[in-house]
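K.L.:
Can you read through this structure? Questions will come right after.
Values in this text are rule-based calculations from the coordinates and carry no lab data. Keep in mind that what you see is a predicted model, and the values were worked out from it rather than measured. Cβ coordinates were reconstructed from backbone atoms using ideal geometry, including for glycine residues, and neighbour counts include every protein chain displayed.
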Amino acid sequence: MTARILIIEDEALVAMELRFVLEDLGYAVVATVADARTARAAVAEAEIDLALVDIHLSDGPTGIELGRQLAQEMGVTVLYMTANPGMLRQGVAGTIGVLSKPADEPAVQKAVEYALRRRKGQPIEYAPPELQLFG
């Protein structure tokens, strides 16, 4: 079954490019949303395997708490994508890590594959070097 991915990104061009990359890789992008409220609604309406979460959304710097909530309370695997990875230095409980933006297609592919393998409990040899893991 194809992994179902939610993109949480308020910059329309970044979200669109990420969607194209993921769809070209064969993933199903369930939705692209720009704020925390819409993200929660999307997760409530559809089964999501992985959420790619930016920190600064259209409703402010709500991404960190949103990612924690999606992971811990809603069972979604969360990978942050942000131009400000230093804001996540302490990590976020329940989430995997952070990929710095801008990220090229191979980096996105490796990070998404890693996150999905972890979700399924499959063996993983190593994390992609572009991905900063939490705890």
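K.L.:
Suppose every Lys and Arg Cβ carries +1 and every Asp and Glu Cβ carries -1, with no other charges. What dipole size does the chain come out with about its Cα centre, to the nearest 20 debye?
P.N.:
Dipole size: approximately 480 debye.
K.L.:
Okay, moving on. List the residues whose amide H sits under 5 Å from the amide H of residue 97, counting only those 5 or more places along or on another chain, with H placed 1.01 Å from N in the peptide plane.
P.N.:
For residue 97, whose amide H was placed from the backbone, the distant partners under 5 Å are 80, 134.
K.L.:
Moving on to the next point. Taking the mean number of other Cβ atoms within 10 Å as a proxy for protection, how do you rank 76-83, 41-48, 59-66 from highest to lowest?
P.N.:
76-83, 59-66, 41-48
K.L.:
Only bridges whose two residues both fall in the chain count here: according to DSSP, what percent of them are antiparallel, nearest 5?
P.N.:
Of the beta bridges lying entirely in the chain, close to 20 percent run antiparallel.
K.L.:
Tell me, in nm to one decimal, what length is gained between residue 117 and residue 16 on full extension, where the rule is 0.36 nm per residue of separation less the Cα-Cα distance?
P.N.:
Taking 0.36 nm per residue and subtracting the Cα distance, the gain is 33.9 nm.
K.L.:
List the residues, sorted by chain then number, that are 5 or more residues from residue 76 or on another chain and whose placed amide H is less than 5 Å from its amide H.
P.N.:
71
K.L.:
Still on this structure, please answer the following. More than 15 angstrom separation, counting every C-alpha pair in segment 19-93; what % is that?
P.N.:
I get 54 percent for the Cα pairs in segment 19-93 exceeding 15 Å.
K.L.:
Additional query: Suppose only helical runs count, i.e. DSSP H with n ≥ 4. What mean residue ellipticity at 222 nm does that imply for the chain under -39500 (n - 2.57) per run, divided by all residues and rounded to the nearest 500 deg cm²/dmol?
P.N.:
-12000 deg cm²/dmol
K.L.:
From the convex hull of the Cα coordinates of the chain, what is the mean projected area in square nanometres?
P.N.:
7.3
K.L.:
Still on this structure: Taking θ as phi - 60°, what are the ³J(HN,Hα) couplings along segment 102-116 by the Karplus curve (6.51, -1.76, 1.60), each to the nearest whole Hz, with x for Gly and Pro?
P.N.:
Per-residue couplings from phi come out as x, 10, 7, 4, x, 5, 4, 4, 5, 5, 5, 4, 4, 4, 5 Hz.
K.L.:
Between 70, 34, 5, whose Cα lies farthest towards the positive end of the dipole of segment 1-124 when Lys and Arg beta carbons carry +1 and Asp and Glu beta carbons carry -1, centred on the Cα centre?
P.N.:
Checked the options; the winner is 70.
K.L.:
Give the shape of segment 1-63 as rounded, prolate or oblate, defined through the alpha-carbon gyration tensor: a ≥ b ≥ c are the square roots of its eigenvalues, a/c under 1.5 means rounded, and otherwise the shape is prolate if a/b is larger than b/c and oblate if not.
P.N.:
Oblate is the answer for segment 1-63, as a/c is 1.5 or above yet b/c matches or exceeds a/b.
K.L.:
OK, next. Step through the residues of segment 75-81 one at a time and calculate ³J(HN,Hα) from phi using the Karplus curve (6.51 cos²θ - 1.76 cosθ + 1.60, θ = phi - 60°), rounding each to whole Hz and writing x for Gly and Pro.
P.N.:
Ordered by residue, 3J(HN,Hα) equals x, 9, 6, 10, 10, 7, 10 Hz.
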